[in-house]
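The structure under discussion appears below in the form of structure tokens.
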Amino acid sequence: MRNLQARYTRDRLILIVVIAGTILAALPLTLVLGYALVNGFSSLNWDFFTKGPKPPGELGGGMAPAIVGTLIITGVGLLMATPFGIAAGILLAEYPDNKLNPTLRLLSDTLNGMPAILKGLLAYVLVVKVQGSFSGFSGSLAMAFIMIPIIAKTTESVLKLVPWNIREAGLALGLPRWRVILSLVLPAARAGVVTGLLLATARAAGEAAPLIFTAFGNSLLTYNLSQPMDALPLRLYAYAISPYEDWHRQAWAAAVVLLGLVVLTSLLARWVTRGR
Amino acid sequence: MQQAPVQSSIIKQQPSAIYRVLGDRIFLSVVLLLALSIVALTLGLGYYLYLGGSQTINKEGFFGFLTGTTWDPALKLEFGIWPFVLGTLITSLAALVVSVPVALAAAIFTAEYAPRWLAGFINYLVDLMAAVPSVVYGIWGIFVLAPFLREIIYLPAFLWAAENAPGLSPFLGNPAGYGMFTGIVILSSMIIPFTAALSRDAIALVPAAQREGAYALGATRWEVMQTVILPYARGGVFAGAMLALGRALGETMAVAMVIGNGNILPYTLFGPASTMPAVIALEMKEAVEDLHYSAIIGVGFYLFLIAFIVNAAASYLLNKLKVGDQRA
């Protein structure tokens with residue numbers, strides 16, 4: 001047994017190390033948020049949201065096509081992903097003894113961790129290669145591949161939060177199981193399910209890698225999913241590696257918009273699942 | 001006047017057979033079918049990437065493609081992906097080694113030391129960190145981190161080596177700021193939340209009786225941590241590290257933006273390097289030659305194999321441990 005004083009000193013030293021590590025862990029995010037706000041917030045003006053990009057080297061212009069493109073691409077992706085993700089979540093949470101579940105859970109988690117760029121490659125092989133042209137739709141498909149496992153995971157966990165009594169009450173009244181799930185369990189978990197959809201959307205909306213060779217980018221405003229389409233993270237990337245000051249300024253502004261989206265959805269998620 | 005007809009609609013009318021008998025089967029079949037798409041998607045991902053890359057993989061051989069060190073899509077049309085594999089493995093593993101202790105410290109602090117409000121705030125920051133888009137880290141890396149590291153580390157180290165240890169200079173490489181070391185730093189900061197979140201959950205699952213037992217024996221806080229909590233939470237920490245490794249392997253934009261994208265071996269500490277996701281992101285849309293196109297998808301196939309093993313191991317561990325059940 002070492003003496004007590006030495007043990008206390010050691011305890012305090014460890015506490016200092018732990019606090020230092022915590023500060024170090026929080027440092028990158030704080031710096032990224034701080035620099036993005038300082039460099040980008042002043043560039044968020046009306047033009048940024050309403051105008052298209054100017055030719056290289058000219059001042060001004062904005063990211064309207066990219067903002068519209070991101071909304072369309074992720075929106076269509078969400079529509080495609082939702083039924084698959086929610087169905088998988090229902091299977092995992094409501095049919096716990098289904099034989100498929102261990103495999104499904106393993107593969108779903110694995111798919112969730114798979115690099116987003118590979119999902120983009122799959123969309124490329126399935127759509128762009130076949131059709132012979134880049135398109136907004138192929139970007140949406142890549143987004144859907146990213147969202148499905150996230151939606152499955154969040155749906156499963158919010159359905160599991162619904163008290164088991166509610167299901168028993170429904171079954172005791174003679175409702176069949178499918179009716180219990182659709183009319184009792186899903187409505188009870190509605191806020192959580194919707195939050196899961198939002199989190200998945202926010203995660204996918206920030207991805208640039210799978211869009212580079214699917215949606216491709218487009219400096220003109222388009223609503224046509226069969227045409228190349230612009231997206232905010234794509235435009236951010238293109239501007240960040242360009243040599244023009246003014247484009248760097250706009251890239252920072254795009255970073256602020258993407259960060260705002262992420263912060264808003266995560267705050268909403270916390271608010272919906274509060275007290276649990 | 002008469003009340004008889006009213007009650008019949010509730011009591012006598014039986015729901016249809018479809019509703020009662022077939023409903024459950026139809027519903028389960030639909031749910032199963034939709035859920036099976038996840039299985040199909042995961043396996044299809046590997047299959048289509050192999051198919052897309054098969055032309056080059058067949059030409060260079062399964063292992064020849066993996067271990068070839070020349071990537072020349074312009075003149076010789078020779079494709080070996082070893083520089084990218086090596087770059088991915090070095091940066092990811094180095095980032096893991098740097099980030100795990102830091103993430104563990106954050107998890108220990110929030111789970112054991114911090115007051116509730118502070119723990120909640122730090123946990124929120126950590127969760128937020130995982131959601132910040134890669135390109136946002138990337139733009140910060142280009143304009144803030146890389147110039148900063150160049151001024152305070154690369155240039156001084158380079159100048160010092162030039163004067164005092166000329167033998168060291170070749171290992172340091174070009175101190176431009178965009179290179180392997182910068183890539184490692186940005187990767188380490190990006191993967192902290194994955195280890196931190198799972199470690200925190202694992203620590204929270206340690207039974208109170210075990211801690212109290214150790215405290216009752218007179219252990220200090222750190223001794224409780226060392227002898228009771230960390231051994232118990234070991235599995236969760238390990239799973240978190242695996243998950244973080246999986247993220248690091250696939251991290252694309254932020255790395256591509258700061259790593260300098262040079263694929264000539266041998267790599268140096270500060271000099272340009274490249275990773276598998278980065279080469280896919282940068283060359284895919286310019287690939288005109290069939291062989292080049294197929295080679296890039298081939299890179300994707302090998303990345304799939306590595307990422308599949310790491311992620312499947314992580315999810316297997318997690319499902320076994322039942323840690324992180326509530327996490328998206």
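Per residue, the average separation of C-alpha pairs within less than 8 Å and at least 6 apart gives chain A a relative contact order of 27 percent. This ranking places A:I181, B:I280, A:I16, B:I309 by how few other beta-carbon atoms lie within 10 Å of each, fewest first, which gives A:I16, B:I309, A:I181, B:I280. Only Lys, Arg, Asp and Glu carry charge here, each on its Cβ (+1 for the first two, -1 for the last two); on that basis the protein assembly as shown has a dipole of about 1980 debye about its Cα centre. Kirkwood analysis of the Cα pair distances in chain B returns a hydrodynamic radius of 23.4 Å. Size descriptors for the stretch B:68-215: radius of gyration and Dmax over Cα atoms are 20.7, 70 Å. Which whole-angstrom value gives the distance between the alpha carbon centres of the stretch B:52-114 and the stretch A:184-201? The distance from the Cα centre of the stretch B:52-114 to that of the stretch A:184-201 comes to 36 Å.
Ranked for footprinting exposure by Cβ neighbours inside 10 Å, fewest first, A:D97, B:D290 give A:D97, B:D290. In summary, the convex hull built on the alpha carbon positions of the stretch B:158-267 has an orientation-averaged projected area of 10.3 nm². When chain A is treated as a GNM with alpha-carbon contacts under 10 Å, the residue of A:A144, A:A254, A:A240 showing the greatest mean-square fluctuation is A:A240. Distance between the C-alpha centres of the stretch A:57-133 and the stretch A:22-44: 28 Å, rounded to the whole angstrom.
Rg/Rh for chain A (Cα atoms only, Rh after Kirkwood) is 1.09.
Remark: chain A carries a charge dipole of roughly 940 debye about the Cα centre, counting +1 on each Lys and Arg Cβ and -1 on each Asp and Glu Cβ. The calculated pair-distance distribution of the stretch A:133-276 uses every alpha carbon pair, bins of 5 angstrom beginning at 0, and gives 2, 9, 14, 15, 15, 13, 10, 8, 6, 4, 3, 1, 1, 0 percent.
Among A:G217, A:G206, A:G132, which one shows the biggest mean-square fluctuation in a GNM of chain A, springs joining Cα atoms closer than 10 Å? Greatest mean-square fluctuation among the candidates belongs to A:G132. Using only alpha-carbon positions in the stretch A:1-132, the gyration tensor eigenvalues give semi-axes of 43, 34, 14 Å once each is multiplied by 5 and square-rooted (largest first).
Basic side chains Lys and Arg get +1 at the Cβ, acidic Asp and Glu get -1 at the Cβ, and with that the dipole of the stretch B:16-93 about its Cα centre reaches some 300 debye.
Its Cα gyration tensor gives the stretch A:45-192 an equivalent ellipsoid; the semi-axes, largest first and in whole Å, are 40, 20, 12.
For the stretch B:42-135, the relative contact order works out to 13 percent when only alpha carbon pairs closer than 8 Å and six or more residues apart are counted. Can you check how the C-alpha radius of gyration of the stretch A:204-267 compares to 2.2 N^0.38 Å, as a plain ratio? The stretch A:204-267 yields a ratio of 1.17. A dipole drawn for the stretch B:174-308 from +1 and -1 charges on Cβ atoms has a positive end, and of B:N261, B:V228, B:G240 the residue lying farthest that way is B:V228. Semi-axes of the equivalent ellipsoid for the protein assembly as shown, computed as √(5λ) from the eigenvalues of its C-alpha gyration tensor and ordered from largest down, come to 41, 34, 24 Å.
Extent along the principal axes, Cα only, for the stretch A:143-217: 55, 18, 13 Å, with the longest axis given first.
Any read-out appearing in this document is the output of simple, stated calculations on the displayed coordinates, not a laboratory observation. Please read these numbers as outputs of a predicted model, since none were measured by experiment. Please note: Cβ atoms are built from the backbone with ideal geometry, for glycine as well, and neighbour counts cover all protein chains shown.
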